[in-house]
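See structure below.
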Amino acid sequence: MIITDQIVEKHGLSKEEFKNIKKLLKRDPNLLELGVFSAMWNEHCSYKSSRLHLKNLPTKGKQVIQGPGENAGVIDIGDDDAIVFKIESHNHPSYIEPYQGAATGVGGILRDVFTMGARPIALLNSIHFGSPKHSKTKSLLNGVVSGIGGYGNCIGIPTVAGETKFNETYNENILVNAMAVGHAKKDKIFYSKAKGLNKSVVYVGSKTGRDGIHGASMASAEFDENSESKKPTVQVGDPFTEKLLMEACLELMKDNSIISIQDMGAAGLTSSSVEMASKGGLGIELELDKVPCREENMSPYEMMLSESQERMLIILEDGKEQNAKKIFDKWDLDFVVIGKTTNTNNLTLKYENQIVGEIPVEALASKAPIYDRKWIKKKTKKSSFNFKKLKKIKIEDALIKILSSPNHSSKNWITDQYDQSVMCDTVLKSGSDAAIIRIHNKDKAIAVSVDSSANYCKSHPITGGKQIVCENWRNLITVGAKPLAITNCLNFGNPENQEIMGEFAECLQGIKEACEFLNYPVVSGNVSFYNGTNKKNIYPTPVIGGVGLIKKLSKPLSHHFKKDKSSLILIGKTFGHLDQSCFLKENYSINEGLPPEVNLLNEKNNGESLLKLINKNLILSSHDISNGGLITALSEMSISSGIGAKILKPKKLTNLIEYFFGEDQARYIVEVEDNSIGKVEKILKENNIFFENIGFTQNEFLEIEGELKISTKDLFKINNEWYNNY
């Protein structure tokens, strides 16, 4: 077949890239080889637009065992225990086919974790939808939530935390980010680097079908009005088969049979074989006749590019094939030796005893394009509205607007569809700042949380990048965990647009600064570009997934008020920042100005000081203050516990709206017993922490002295109204 410009374009490659392919091969590629290049050189697999920027992120630390570059990141939590975790996007597939798109996103991220030798112990998600009034939003929401719940529940991994947000920017391009967390022993971590010559390359798991072909390429291009035609590129998942595959792999990992192991994720057999060979500096030869297929007359092209789910590629030590096959036979899974490692440094593809494709591995990996794309710095705008001219609103009316809005209403309708307690180690589930998972049969635990803030990142990307790392940091601290490391899913628009590329570069700068200052390294992640439709890009939406350690789990700390008549302390200074706030958006439909300043010194000092108080058992409950400000945080504490609070009027800041709804950073509310107040204040003063005694808890009512009095029952009803009626 003659490779025309149209065929090259259909494969998502530019004319210049095709020229480079011919130079690397020193000849024209055939269609199969073109397909392999297309899979490995697309944005989703090669990170060609982001790699230069990602290199700047801090990825090392005493706690880091494995940083970016493997299937997932690995951190040390002591006692020979390790935590393996990663977050990835499945945005385009979930918009095209929401149930299967979300389900296979969960399945894929689980394989990334158990490929490393870890048993998955928790799932999280960050999902973003368009306006609730948009014609597609309700069906997309239902499909995605059902897909996440269906896969996680069936495989028996608890879905313990997440976030669901709505904004018009996602009307034609939803975001579905899935995170998985696993537990392993430090001396039983498995990697994808191939070693040794003439070692068996083994295909295990489900059979290969025609689903998912060009899935990675589809994820590396903008949508247009014909997105419905791309449904065949969405994979179909089977959680029951994945459960069998997980158990078979973990059983095989108990001995020393495995040299390397790789999930067949994006780009399927192509990416798994190339990545293993590339990391090991070897060649790999595959006999495609031997690939188990579930459909008739599949071509080598289809086999190499299929993204059928629940499949792995393993390189075994000599003589271990028969024992390994017995394990996979027991679990009723395919186990076929389909190739071997070689010293050719080529990907060699055979079919019917003929070589049908041969490509230097380095041409697909290390020599893939890297683009230093032009970008422009964000032109920031100060707010143009005059706050004094806004129609006056009562604190109660403003609060009701926020608590009853789609973004701040209770998400119980969603989380109730997820099994959060299977495996019996979930100590604190969704609804708190972070979830807590006990390390099985031990008295220590990890805390996990995911966070994003698209409007802050759109307004001022550097500040937005800092803020979302800090918010994630705070969420772990409020449940008593020491933050250890993060994974990130960087969702952006078209990188060929200089403004979008600028948002990406500046957000990463903010993430870098915050991670470095907080000693909170990035150990894994994913970049999702081309999130846009018909040239309209989404807001920049970096999602941060964090993991923290609770060394001794005596009793879980949460943001639920614990008792009547305990004292409330506000840690951190309130300046009353309203630009980009929920107050203005929900009450006046204003989304202007700059986000609140992020002072990293205060973030670190305030957070670490609170952690000291928690470790000394001086805190009954704690909650970070973020979207919606102080009054919203107090309401959340009241709603979750049924216990209210009486808040005294502030003495210094006279504008009550600014005081109660401002979104200043580095702040927490803590509940303290009266007999501990002196000790708490002493520690805060010793660490130069600004704090205020703002009131006390009380039964039945949330009250602001002389301004607001509303029952906790009414707050609960208001907060649950939107989802119940949607």
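The values are calculated or read from the model by the stated rules, or taken from the named source; none is laboratory data. A quick note: this is a predicted structure, and the numbers were derived from the prediction, not measured. Every residue, glycine among them, receives a Cβ derived from its backbone with ideal geometry; neighbour counts consider all protein chains shown. With ligands, DNA and RNA removed, areas are computed over all heavy atoms of the protein, side chains included. Shrake-Rupley method; radii C 1.70, N 1.55, O 1.52, S 1.80 Å.
Applying the criterion of at least 1 residues that are of a type in the set (K, R), modelled with pLDDT of 95 or more and open to solvent by 10 Å² or more (accessible area, probe 1.4 Å) to the strands (runs of 3 or more DSSP E) found wholly in the range 1-117 leaves 81-89.
Taken together, the residues in the range 475-492 that are under 17 Å from the mean Cα position of the chain (by Cα) and touching a residue at least 60 places away in the same chain (Cβ under 8 Å) amount to 11. Contact map, the range 424-436: first residue hydrophobic (A, V, I, L, M, F, W, C), second residue open to solvent by 30 Å² or more (accessible area, probe 1.4 Å) and not in a strand (DSSP E or B), Cβ cut-off under 9 Å, separation 6 or more or different chains; pairs are C424/H440; V427/P556; L428/P556; A435/K429; I436/K429; I436/P556.
Looking only at the range 39-84, which residues are among the aliphatic types (A, V, I, L, M) and in contact with a Cys (Cβ under 9 Å, 6 or more places away or on another chain)? Across the range 39-84, the qualifying residues are A39, L57. The residues in the range 536-550 that are part of a loop (DSSP other than H, G, I, E, B) and among the hydroxyl-bearing types (S, T, Y) can be counted, and the count is 1.
When the range 660-682 is filtered for residues that are assigned to a helix (DSSP H, G or I) and among the aliphatic types (A, V, I, L, M), the ones remaining, listed by number, are I677, V680. Considering the range 509-535, and only residues there that are surrounded by fewer than 24 Cβ atoms within 10 Å (Cβ to Cβ) and in a helix (DSSP H, G or I), the residue that is farthest from the chain's Cα centre (by Cα) turns out to be F517. Being closer than 22 Å to P556 by Cβ, acidic (D, E), open to solvent by 10 Å² or more (accessible area, probe 1.4 Å) and part of a helix (DSSP H, G or I), is that true of even one residue in the range 649-659? No, the range 649-659 contains no residue that is closer than 22 Å to P556 by Cβ, acidic (D, E), open to solvent by 10 Å² or more (accessible area, probe 1.4 Å) and part of a helix (DSSP H, G or I).
Among the residues in the range 585-595, are any under 23 Å from the mean Cα position of the chain (by Cα), closer than 25 Å to I83 by Cβ and at pLDDT 95 or above? No, because not a single residue in the range 585-595 is under 23 Å from the mean Cα position of the chain (by Cα), closer than 25 Å to I83 by Cβ and at pLDDT 95 or above. Could you say whether any residue in the range 55-70 is touching a Leu at 6+ places or on another chain (Cβ under 8 Å) and closer than 17 Å to A365 by Cβ? Among the residues of the range 55-70, at least one is touching a Leu at 6+ places or on another chain (Cβ under 8 Å) and closer than 17 Å to A365 by Cβ, which makes the answer yes. Among the residues of the range 683-726, those that are closer than 22 Å to K562 by Cβ and in a helix (DSSP H, G or I) comprise I683, L684, T712, K713, D714, L715, F716, N719.
Look at the range 538-553: where a residue is open to solvent by 10 Å² or more (accessible area, probe 1.4 Å) and a partner is polar (S, T, N, Q), sitting 6+ places away or on another chain with Cβ atoms under 6 Å, you get Y539/T169. Of everything in the range 472-508 that is surrounded by fewer than 24 Cβ atoms within 10 Å (Cβ to Cβ) and acidic (D, E), the residue that is farthest from K378 (Cα to Cα) is E496. A single entry from D334, D289 fulfils the requirement of being over 28 Å from the mean Cα position of the chain (by Cα) and farther than 26 Å from A103 by Cβ: D289. Restricting the range 385-417 to residues that are surrounded by fewer than 16 Cβ atoms within 10 Å (Cβ to Cβ) and in a loop (DSSP other than H, G, I, E, B), the residue that is nearest to the chain's Cα centre (by Cα) is D416.
Have a look at E636, E597, E603 and point out the one that is assigned to a helix (DSSP H, G or I), closer than 22 Å to N688 by Cβ and in contact (Cβ under 8 Å) with a residue 60 or more places away in the chain.
E603
Counting the residues of the range 551-591 that are part of a loop (DSSP other than H, G, I, E, B), under 24 Å from K651 (Cβ atoms) and of a type outside the set (F, W, Y) gives 9.
All conditions but one from (1) farther than 19 Å from D238 by Cβ; (2) in a helix (DSSP H, G or I) apply to N297; the one that does not is (2). Of all residues in the range 418-441, those satisfying the criterion of being in a loop (DSSP other than H, G, I, E, B) and touching a helix residue (DSSP H, G or I) at 6+ places or on another chain (Cβ under 7 Å) are Y418, D419, G431, D433, A434. Candidates in the range 660-676 are the residues that are on the phi < 0 side of the Ramachandran plot and of a type in the set (G, A, S); of these, the one that is most open to solvent (accessible area, probe 1.4 Å) is S676. In this structure, K444 does satisfy being at pLDDT 95 or above and not polar (S, T, N, Q).
For the criterion of being at negative phi, modelled with pLDDT of 95 or more and not in a helix (DSSP H, G or I), S139 fails.
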